[in-house]
1. If Asp119 satisfies every condition in (1) within 30 Å of Val199 (Cα to Cα); (2) in contact with a strand residue (DSSP E or B) (Cβ under 7 Å, 6 or more places away or on another chain) but one, which is the exception?
2. Look at the range 169-196 and say how many of its residues are over 16 Å from Leu227 (Cβ atoms) and assigned to a loop (DSSP other than H, G, I, E, B).
3. Do any residues in the range 1-30 that are farther than 17 Å from Ser43 by Cα and modelled with pLDDT under 95 have Cβ atoms under 9 Å from those of residues that are surrounded by 16 or more Cβ atoms within 10 Å (Cβ to Cβ) and among the charged types (D, E, K, R), where the two are at least six apart or on different chains, and which pairs are they?
4. Scanning the range 160-209 for residues that are at pLDDT 85 or above and among the hydroxyl-bearing types (Ser, Thr, Tyr), which turns out nearest to Leu221 (Cα to Cα)?
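The values are calculated or read from the model by the stated rules, or taken from the named source; none is laboratory data. Model, not experiment: these values are computed from the prediction. As a convention, Cβ positions derive from the backbone with ideal geometry for all residues, glycine included, and neighbour counts pool all protein chains shown.
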Amino acid sequence: MAWVFDRLIQFGIIAVISILAMFLIPFGEAGAGLGMGGILIMSFLLDWFYFALFEGYWNGQTPGKRSCSLRVVRTNGTPIDPISAVGRNFLRAADMLPFFYTIGMISMLMTRRLQRLGDLVFDTMVIDERREWISRAGGLTANIEALARSECPRRFSVPERTLAVIERLFESDRIISEARREEIARPLSQALRARLGYVDPPPDPRNPHAYFRSQGFRQTLFLLRVLKTFADNPDGTKSNAMSTTAPNRSATAPNRRRRAVAANEDPFSEQVEEVTEFLAADSTDTGRAGRES
């Protein structure tokens, strides 16, 4: 539907240009030629630059995509840049070969994110922003205690993009040692602690050994508690941890139709990017080691 809507807009613009060109007909052959040239030039510009310019300078959306709550982003969730927007749309010509997006459809069927050739080359994908918040797998945080509101005297919300990166850190198919995971988790954990105002409780005099055993993995355990608390509601307004205390009047109402994919909407952008780079580097090293073996 988004493509149809955008095409209707393009046809509307061509129709307006065609009507204006009719007023040049009384000026003879030169006027008719000028009108036809204007129609051809506008058709070329719309065909090659309509999608590219809108996606590049309208945060990954065209009017059609916005009407359907779709958006083009990079595969790591960050906003698309103008160069990638132009490139992915220029490769639309290859996707259309041999006729009506045959190669593009084959590419989408063969990729997990339904990416056509332009998306694969420029590392982009189309996301649907109308979806509800996705519940996390229960096994990951099954035995983890959620954060209580009393433990977080400052902000009690975590952006969706940050939660997604935490999930990536704990993916079951990721070959990574616990010590390495703890090292990667440290910058994001420290930033979250500062935002939430969380401080580790002192050792329990009755069982100090449990406290010291957990200190070696305190950063990853804290991230799991964050994921447990904010998994289905990043603003924390419906967290189970909230039920034991009075509601936070300053908390904003949840907006389920919006995902914080833009870097400037996430206060942890720097830490998220750092963790993402670590994970990408580890994946590359693991793949290289596998090929060498």
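1. Looking at each condition in turn, Asp119 falls short on (1).
2. Matching residues across the range 169-196 total 4.
3. As it stands, the answer is Ala2/Lys65; Ala2/Arg66, since those pairs meet every condition given.
4. Result: Ser189.
So that you can scan it fast, the table gives a plain yes or no per residue for (1) assigned to a helix (DSSP H, G or I); (2) within 17 Å of Thr124 (Cβ to Cβ); (3) not assigned by TED's automatic domain parsing to the domain that holds Leu120:
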site	(1), (2), (3)
Gly37	yes, no, no
Ile41	yes, no, no
Leu45	yes, no, no
Leu53	yes, yes, no
Asn59	no, yes, no
Asn89	yes, yes, no
